[in-house]
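Q: Mind looking over this structure? Questions follow.
The values are calculated or read from the model by the stated rules, or taken from the named source; none is laboratory data. Just so it is clear, the model here is predicted, and its values are computed rather than measured. Every residue, glycine as well, gets a Cβ built from its backbone with ideal geometry; the counts of neighbours run over all protein chains shown. Note: accessible area is taken over every heavy atom of the protein model, side chains too, but ligands, DNA and RNA are not part of it. Shrake-Rupley method; radii C 1.70, N 1.55, O 1.52, S 1.80 Å.
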Amino acid sequence: MQAIGEPAYRGAQIYHAIYAERRFDFAEMSNLPAALRERLAREAAIELPRIVRRHMSSDGTVRYVLGVGEREGEKPATIEAVFMPEENRQTICISTQAGCAVDCRFCLTATLGLMRNLSAGEIVGQVLVALEDNHAGLKPQTNIVLMGQGEPLLNYDAVMSALRILLDPNGVAIAPRHAALSTSGIVPGIERLAQEKVRPNLAISLNASSDEQRDQIMPINRKYPLEKLLEACRKYPLRPREWLLFEYVMLGGFNDSPEDARRVVKLLANIRAKVNLIPWNPGDLPLKRPERQRVEEFQRVLIEKGVPCFIRDSRGQDVMAACGQLALAEAAAATSSGASL
Ligand code: SAH
Ligand code: SF4
């Protein structure tokens, strides 16, 4: 605002109007003088990711295919976000990159490769679109999870800028304890996050009980093996009532035995940890979903050893909105035909 000859506090007013009041039209920013509103309407634009397509699941989950970077001179990309309504809250799952370079064997997003990093605006924009689009039915609590496409800690600066706006009480005002960032285990990123004053909960995709196993499904493990990863976790300065969440995708016959469970207990010794077991969601990949009874037995072993452990069945499986299924098979077609529901 200063740069265009306006008082600096107008910037804070616009910030508040966009992020706290979610007004995306300058004409509606009644806290600004009329002349400035007109000037901004002429010289500036507020743009949210474009909804290319909505997929509605029978369980209420909505998967959004979103178009970003569609202005001239930008690099267009198609990404996904997922809206999950629950009884007293909603959870919004957002992407941090278009595609992903990490190449985990069980994840469909990996098959896309990395198209590009998302900007802070494109990351925040996904939350704003989901909130706007479900405006009428919003519940008192909103959770944000950075578990869509991409590895958040490989796009660190944009992700942190986005989080500062999302978690700012004067911005989108999500409570930090209601936000979670999930990483495949990028150790330098975890060490950086540990220094941040405001930060989301940290979730680590463990997914295996030994290096040998993890090497096979997560090539990133060769760079940051379990010992280094868990050392960074042990050093992570947890606050009172804060936990590290370990996600464990269960692959039938691969990492789902009681011995695996006992090894996981040992790996997590001395870490204030919770574990989420995620039965693998099928894609067009040569892997198996685990048997229910194996998942429950695995959970029993952890709980008996004092590690809190939950089974998380992904939502929205009928519309490919579940963990690891965000990969736009038909979205490319939808974009080219310009279809929009
Ligand atoms: N890139 C980050 C965040 C996105 S993935 C990460 O890997 O942590 C979010 C979670 O979905 C991760 O825990 C990942 O292990 C899990 N996941 C990926 N593919 C899956 C699949 N097909 N079924 C179940 N979970 C999957
Ligand atoms: Fe990337 Fe996460 Fe999928 Fe691995 S699981 S390929 S890090 S999105």
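Q: In segment 213-252, which chymotrypsin sites (Phe, Trp or Tyr not before Pro) are in a loop and have at most 16 other Cβ atoms within 10 Å, using DSSP for the loop call?
A: Trp243
Q: Another question, then. Enter the accessible area of Ser314 (Å², nearest 10), with the probe set to 1.4 Å and all protein chains included.
A: 20 Å²
Q: In a Debye calculation with equal point scatterers on the alpha-carbon sites of segment 182-307 and no solvent, what is log10 I(q)/I(0) at q = 0.09, 0.12, 0.22 Å⁻¹?
A: -0.25, -0.44, -1.36
Q: Mind running the shape call on segment 57-192? Use the C-alpha gyration tensor, a ≥ b ≥ c as the square roots of the eigenvalues: rounded below 1.5 for a/c, prolate if a/b tops b/c, oblate otherwise.
A: Rounded is the answer for segment 57-192, as its axis ratio a/c remains below 1.5.
Q: OK, next. Would you please give the FRET efficiency between Met1 and Glu196, computed as 1/(1 + (r/R0)^6) with r the Cβ-Cβ distance and R0 = 22 Å, to the nearest 0.05?
A: Calculated transfer efficiency: 0.20.
Q: Please work out whether the chain counts as rounded, prolate or oblate from its C-alpha gyration tensor, where a ≥ b ≥ c are the square roots of the eigenvalues and a/c under 1.5 means rounded, while otherwise a/b larger than b/c means prolate and anything else oblate?
A: Values: a/c = 2.04, a/b = 1.65, b/c = 1.23.
Cα axes put the chain in the prolate bin.
Q: Suppose accessible area is computed on protein heavy atoms with a 1.4 Å probe; arrange Asp168, Asp284, Asp157 from highest to lowest. List each step's numbers first, then the result.
A: On the way: Asp168 40, Asp284 145, Asp157 95 Å².
Ranked from most to least accessible, the order is Asp284, Asp157, Asp168.
Q: Which of Ala81, Ala35, Ala45 moves the most in a Gaussian network model of the chain with Cα springs under 10 Å?
A: Checking each option, the largest mean-square fluctuation is seen for Ala35.
Q: If you don't mind, another one. Using amide H atoms built 1.01 Å from N in the peptide plane, name the residues 5+ places from Val52, or on other chains, whose amide H lies under 5 Å from its own.
A: Those qualifying (amide H under 5 Å, at least 5 residues apart or on another chain) are Val65, Leu66, Gly67.
Q: Pick out which of Gly99, Gly185, Gly73 has the largest mean-square fluctuation in a Gaussian network model of the chain, springs linking Cα atoms closer than 10 Å.
A: Between Gly99, Gly185, Gly73, it is Gly73 that shows the largest mean-square fluctuation.
Q: Looking only at Cβ-Cβ distances, which cysteines of the chain have no other cysteine closer than 4.7 Å?
A: Cys93, Cys100, Cys233, Cys309, Cys323
Q: Which whole-Hz couplings ³J(HN,Hα) result when phi for each residue of segment 11-25 is put into the Karplus expression 6.51 cos²θ - 1.76 cosθ + 1.60, θ = phi - 60°, listed in order with x for Gly and Pro?
A: 3J(HN,Hα) across segment 11-25, in whole Hz: x, 5, 5, 5, 4, 5, 4, 6, 8, 8, 8, 6, 9, 10, 10.
Q: With θ set to phi - 60° and the Karplus curve 6.51 cos²θ - 1.76 cosθ + 1.60, what are the ³J(HN,Hα) couplings of segment 178-186 in order, to the nearest whole Hz, using x for Gly and Pro?
A: 9, 10, 9, 10, 10, 10, 6, x, 7
Q: Based on alpha-carbon centroids, what's the gap between segment 1-47 and segment 152-215 in Å, whole number please?
A: 31 Å
Q: Could you tell me what percent of the accessible area of the chain is made up of carbon and sulfur, with a 1.4 Å probe and every protein chain present?
A: Within the chain, the accessible surface is 51 percent carbon and sulfur.
Q: Right, something else. For segment 65-105, what class follows from the C-alpha gyration tensor (a ≥ b ≥ c being the square roots of its eigenvalues): rounded when a/c is under 1.5, otherwise prolate if a/b is larger than b/c, else oblate?
A: oblate
Q: Using helices alone, I'd like the mean residue ellipticity at 222 nm for the chain: each DSSP H run of four-plus residues gives -39500 (n - 2.57), total over residue count, nearest 500.
A: Working: 11 runs with 101 residues, N = 341.
Value at 222 nm, helices only: -8500 deg cm²/dmol.
Q: Can you tell which of Gly69, Gly324, Gly137 shows the greatest fluctuation in a Gaussian network model of the chain with Cα springs below 10 Å?
A: So, out of Gly69, Gly324, Gly137, the one fluctuating most is Gly137.
Q: For the pair Gln141 and Gln216, what calculated FRET efficiency results from E = 1/(1 + (r/R0)^6), where r is the Cβ-Cβ distance and R0 = 45 Å, to the nearest 0.05?
A: Working: r = 39 Å, r/R0 = 0.86.
Once the sixth-power term is evaluated, E becomes 0.70.
Q: While we're on this one: How long is the gain from Glu296 to Ala175 if the chain were fully straight, where each residue apart is worth 0.36 nm and the alpha carbon distance is subtracted?
A: 40.4 nm
Q: Tell me, what is the per residue accessible area of the chain in Å², probe radius 1.4 Å?
A: 47 Å²
Q: In whole Hz and in residue order, list the ³J(HN,Hα) couplings for segment 105-113 that follow from phi through the Karplus curve 6.51 cos²θ - 1.76 cosθ + 1.60, θ = phi - 60°; x for Gly and Pro.
A: 5, 9, 10, 5, 4, 4, 5, 7, x
Q: Work out the FRET efficiency for Ala101 and Ala45 from their Cβ-Cβ distance, taking R0 = 30 Å, and round it to the nearest 0.05. Intermediate values should be presented prior to the final figure.
A: Working: r = 31 Å, r/R0 = 1.04.
About 0.45, to the nearest 0.05.
Q: Lysine pairs in the chain with alpha-carbon atoms under 22 Å apart, 8 or more places apart or on different chains: how many are there?
A: Number of lysine pairs found: 10.
Q: Still on this structure: Obtain the nm distance between the two label points defined at Asn270 and Ala35 by a simple spin-label model: each point lies 7 Å from its Cα along the Cα-to-C-beta direction.
A: 6.7 nm
Q: How far is it, in nm, from the label point at Lys235 to the one at Ser257 when both lie 7 Å from their Cα along the line to the Cβ?
A: A separation of 3.4 nm, rounded to one decimal place.
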